[in-house]
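Report on the following structure.
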Amino acid sequence: MEDFQYSEATRNILGLKLPTDPRWVDLAAIKMEAILTDHAWCEQKAANTCISLIQRYPRKTELVDALAPIVTEEWGHFRLVLQEIRKRNFVLGNQRRDNYVVKLIEFQQKGGSEEGRFLDQLLTMALIEARSCERFKRLSEGLEDPYFRNFYRRFMESEAGHYVLFIELAETYIDPEKVRKRWEEWLNYEAQILQSQEVRGETIH
Ligand SMILES: [Fe+2]
Ligand SMILES: [Fe+2]
C-alpha cells in the first residue's frame, strides 16, 4: 500500500472523508488527452444536470435563478477544456460510463417524500462538485507543467463555489438540520465508493 501523507486540513477538504489516492496525479500527468476529454464531459454533465433541475422544479424560484447562470458557467468550462484539447491537437474522445456517478445515483432516494428526493439530487451535485474540486486541487499541486497547474487552480476555485451553492440551495428549501444529517450519510457513502474503486488515471471523479 502507498502511504497517504496528507495534512489534517487537506484530508478535510470540503468535508470529504477520504483523499484521492496520491498515485492518481502521477497517472494523470501522463494522460492529458484522456484527462481533458473526461473533464470536458464532466462539465457537459454539470451543465445538463443544472438544466434538468430547472426543468424538474420550475416553480422553485431561487433554484431557477441560481442555476440558470451556472449552466452558462459550466458550458463555459466545457469550451475552455475543448480549447485546450484543440491547442494540443488532441481529439475529444467519447464519453465513458462514469461508475462513480452511477454509484452516487444508486444512493439517491427513489421513493418516499418529494422533499427527500429533491434533497438527494442537490446533495449529489454538491458531492460531485466537492470531489471535482478536490481532484482539481491535486492536479493544480501535482502536475509538473505550470500552465496546467494554473489551469486547474481556476477550476478548483469555481467548483468550490458550486459546492457551497448546492448546499445553500438545499438549506433554502429544507431544514438545515435535515440537510446536515443527510449530507453526513452522503459523505460516508462516497468514502465507501472511493475505497471500492481502483485507482483510475483518466477520470476527474
Ligand atoms: Fe465546472
Ligand atoms: Fe461546477
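The values are calculated or read from the model by the stated rules, or taken from the named source; none is laboratory data. Computed from a prediction, not measured in an experiment: that's the story for all the values here. Methodologically, a virtual Cβ is constructed for each residue, glycine included, from the backbone with ideal geometry; neighbour enumeration extends over all protein chains shown.
Listed by first and then second residue, the pairs linking a residue in the stretch 137-151 that is in a helix (DSSP H, G or I) to a residue that is of a type in the set (Val, Ile, Thr), with Cβ atoms under 6 Å apart and 6 or more places separating them unless they lie on different chains, are ARG138/THR20; ARG138/VAL25; GLY142/VAL25. Within the option set PHE90, PHE78, being touching a residue at least 24 places away in the same chain (Cβ under 8 Å) and away from ligand 1 (no atom under 16 Å from the Cβ) holds for one residue only, PHE90. Does the stretch 26-40 contain any residue that is assigned to a helix (DSSP H, G or I) and modelled with pLDDT of 95 or more? Scanning the stretch 26-40, I find at least one residue that is assigned to a helix (DSSP H, G or I) and modelled with pLDDT of 95 or more, so the answer is yes. Taking the residues in the stretch 102-147 that are of a type in the set (A, V, I, L, M, F, W, C) and surrounded by fewer than 19 Cβ atoms within 10 Å (Cβ to Cβ) as candidates, determine which candidate is nearest to GLU33 (Cα to Cα). Out of the qualifying residues, it is VAL102.
Given the residues THR49, THR124, THR20, THR72, which is the only one that is farther than 18 Å from ALA170 by Cα, of a type in the set (Val, Ile, Thr) and either touching a Phe, Trp or Tyr at 6+ places or on another chain (Cβ under 9 Å) or part of a helix (DSSP H, G or I) (or both)? Answer to the check: THR72. The residues in the stretch 128-159 that are away from ligand 1 (no atom under 14 Å from the Cβ) and within 27 Å of LYS60 (Cα to Cα) can be counted, and the count is 0.
To keep it simple, each residue is scored yes or no on (1) in a helix (DSSP H, G or I); (2) among the aromatic types (Phe, Trp, Tyr); (3) under 18 Å from the mean Cα position of the chain (by Cα); (4) within 16 Å of ligand 2 (Cβ to nearest atom).
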| site | (1), (2), (3), (4) |
| --- | --- |
| TYR100 | yes, yes, yes, yes |
| LEU104 | yes, no, yes, yes |
| GLY116 | yes, no, no, no |
| MET156 | yes, no, yes, yes |
| VAL164 | yes, no, yes, yes |
